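Readers should treat all values here as calculations from the given coordinates under stated rules, not as data from a laboratory. Since we're looking at a predicted model, the values are computed, not measured. Methodologically, a virtual Cβ is constructed for each residue, glycine included, from the backbone with ideal geometry; neighbour enumeration extends over all protein chains shown.
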Amino acid sequence: MIRAHLATFPARAGILMQTVQSILPQVDKLCICLNQYEDVPTPLAQEPKIETLIPDRDLKDAGKFAFEAAADDFVFTIDDDILYPPDYVKTTLQYFDRLGPAETCPGLYGPRLAERRRNRGDWMEKLDVWQKDPLSVQG
């Protein structure tokens with residue numbers, strides 16, 4: 001199963017659905033940790049591919065690790081302020097296949113790939129360039 005996990009909080013509510021819409025067609029399941037939420041937003045609750053969690057305390061960004069995955073799942077940890085290109089998952093998996101799972105943990109460094117733009121008062125990152133240079137720290 002191909003999964004994406006993300007954590008969010010109410011201040012990002014205005015841009016969250018853009019991120020969801022950009023990644024949802026690419027995965028079998030999208031797991032969203034809703035930090036500081038009281039209720040699951042209706043569009044998320046109505047989507048069968050989405051699993052939500054409202055934790056009893058703010059897990060911050062670590063909330064994306066609050067979901068259990070099977071040993072053979074591919075899990076993409078993603079951010080709530082990035083618009084993912086339509087080939088993000090496919091291209092990442094192709095890159096992973098070339099390197100092999102014992103050799104790498106593929107990832108992207110957002111600030112290098114991102115084009116900043118203002119969107120509804122929140123910063124959004126738009127990943128639209130693929131860079132395959134080795135990195136010391138992944139974003």
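Charge tally around Phe9: other residues with Cβ under 10 Å, Lys/Arg +1 each, Asp/Glu -1 each, net -1. Of the trypsin sites (Lys or Arg not before Pro) found in the stretch 13-60, those that fall in a DSSP loop while having at most 14 other beta-carbon atoms within 10 Å are Lys49, Arg57. Per-residue 3J(HN,Hα) values for the stretch 31-44, derived from phi via the Karplus relation 6.51 cos²θ - 1.76 cosθ + 1.60 with θ = phi - 60°, read 9, 10, 8, 9, 4, 6, 8, 9, 9, 6, x, 3, x, 6 Hz in sequence order (x marks Gly and Pro). Database remark: amide H of Thr77 closer than 5 angstrom to the amide H of His5 (H placed geometrically; neighbours at sequence offset of 5 or more, or on other chains; Pro and chain starts carry no H). Sorted fewest first by neighbouring Cβ atoms within 10 angstrom, Glu38, Glu51 come out as Glu38, Glu51. Here the stretch 1-96 is treated as an ellipsoid with the same Cα gyration tensor; its semi-axes, largest first and in whole Å, are 21, 15, 12.
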